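Student: My structure is below; once you've seen it, I'll send some questions.
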Amino acid sequence: MIDPKLVAILRCPVSREALSILPKDRLRQLNAAIEAGELAHADGRKVEAPLEEGLETADGARVYPVRDGIPIMLADEAITRPQA
């Protein structure tokens, strides 16, 4: 689980927006869309694996994966998704 204190200081590398921990219900929706092959990373690669955790921008446009408690804050790794 990612430390909320860390989340409080992180910013999206693209938009500089604040990030928040992806709520469990949205995480389930996101993983369902990944399983259906509907989502891609910002660089256009299809998202292949479900997420354990994620950080989303305030506008919901980007989700950054968190793997083993470590946020992957690379612009190309962001998962772009439609607004919910």
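Readers should treat all values here as calculations from the given coordinates under stated rules, not as data from a laboratory. Because the structure is predicted, anything quoted here is derived from the model rather than measured. Cβ: placed from backbone, ideal geometry, glycine included. Neighbour counts: every protein chain shown.
Student: Compute from the Cα atoms of the chain the Rg and the Dmax, the latter being the longest Cα-Cα distance, and quote both in angstrom.
Tutor: Final numbers for Rg and Dmax: 11.5, 33 Å.
Student: Could you calculate the FRET efficiency of Ala36 with Leu74 from 1/(1 + (r/R0)^6), where r is the beta carbon distance between them and R0 is 35 Å, rounded to 0.05? Walk me through the intermediate numbers first.
Tutor: Details: r = 24 Å, r/R0 = 0.69.
Rounded to the nearest 0.05, the efficiency is 0.90.
Student: Using a simple spin-label model with points 7 Å from Cα along the Cα→Cβ vector, what separation in nm is obtained for Arg26 and Glu52?
Tutor: For the pair Arg26/Glu52, the computed spacing is 2.1 nm.
Student: Can you tell me the 0 to 90 degree angle between the C-alpha axis of helix 24-35 and the longest principal axis of the chain, rounded to 10?
Tutor: Taking the Cα atoms of the chain, the angle to 24-35 is about 40 degrees.
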